[in-house]
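What follows draws every value from the coordinates through simple rules; no lab data is involved. From a predicted model like this one, the values you see are computed outputs, not experimental measurements. With ideal geometry, Cβ positions are generated from the backbone for all residues, glycine too; neighbour counts draw on all protein chains shown.
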Amino acid sequence: MKMKMPEKIDSIMFAPCGMNCQICESHNKEDGCPGCLIDSTNKTKASLNCKIRACLDKKEFKYCGRSKQNPCKLIKKQDKNYKKRYNFSTYDNAKKIKNTGIGRIMSENRDEWACPECDGIIILQNGECSDCDYKKE
């Protein structure tokens, strides 16, 4: 499915763990997952069963980066997995929220993940643009 990167990525697309749902392969499919923080029946099984999200549902904050216990064992495990699979640190992204703020993080993510060729969305899982043949190195 072809998708252009929005001019401004809504902060609701920033998952509690530090993942930007806008760049997720599951979000960019037709009838895809709307995002971790959006209530919907279209969520992926992984999103519906996310232990990190379930943990934060019991807390008084939306993002792991604001927790005094960050990184917890759940975040460490997920971060290790994402680094190995995609060379991407959800923990580093989540950490930024304390000092940088959600608006700036989303702006930086937009700059990093917008295709320089066509302004499509570069998908994290494969590094390919949603609209053209561009491949992130």
In Hz, Karplus ³J(HN,Hα) per residue of segment 4-19 (6.51, -1.76, 1.60; θ = phi - 60°; x = Gly, Pro): 8, 5, x, 4, 9, 7, 5, 5, 5, 7, 8, 5, x, 7, x, 7
Of the residues 54, 3, 101, the Cα lying farthest along the dipole of the chain towards its positive end, which is defined by charges on the beta carbon of Lys, Arg, Asp and Glu, belongs to 54
If amide H atoms are built 1.01 Å from N in the plane of the peptide, which residues on other chains or at least 5 residues away come under 5 Å of the amide H of residue 121? 3, 5, 115, 130, 131
Between the alpha carbon centres of segment 1-76 and segment 91-117 the gap in Å comes to 14 Å
Under the helix-only model (-39500 (n - 2.57) for each DSSP H run of 4 or more, divided by the residues of the chain), the mean residue ellipticity at 222 nm, to 500 deg cm²/dmol, is -10000 deg cm²/dmol
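Only Lys, Arg, Asp and Glu count, each charged at its Cβ (+1, +1, -1, -1), so figure out the dipole size of the chain about its Cα centre, rounded to 20 debye.
Numbers: 27 positive and 19 negative charges, 233 e Å.
About 1120 debye.
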For residue 62, which aspartates and glutamates qualify as cross-link partners when the Cα separation must be under 15 Å and same-chain residues fewer than eight apart are set aside? 10, 39
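Given that compact globular proteins tend to follow 2.2 N^0.38 Å, what is the ratio of the alpha-carbon Rg of the chain to that value? Intermediate values should be presented prior to the final figure.
Details: Rg = 14.4 Å, N = 137, 2.2 N^0.38 = 14.3 Å.
Expressed relative to 2.2 N^0.38 Å, the Cα Rg reads 1.01.
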Order of 3, 19 from fewest to most other C-beta atoms within 10 Å? 3, 19
Length-normalised contact order for segment 11-113 - Cα pairs under 8 Å, 6+ apart - percent: 30 percent
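About the Cα centre of segment 58-137, what is the dipole size in debye to 20, counting +1 per Lys and Arg Cβ and -1 per Asp and Glu Cβ, all else neutral? List each step's numbers first, then the result.
Working: 19 positive and 12 negative charges, 224 e Å.
Magnitude of the dipole: close to 1080 debye.
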Charge dipole of segment 59-137 about the Cα centre (unit charges at C-beta), most positive-ward option of 69, 81, 114: 69
Provide, for segment 1-61, the number of lysine pairs with alpha carbons under 15 Å apart, each pair being eight or more places apart or on different chains. 6
Sort 11, 40 by Cβ crowding within 10 Å, fewest neighbours at the top. 40, 11
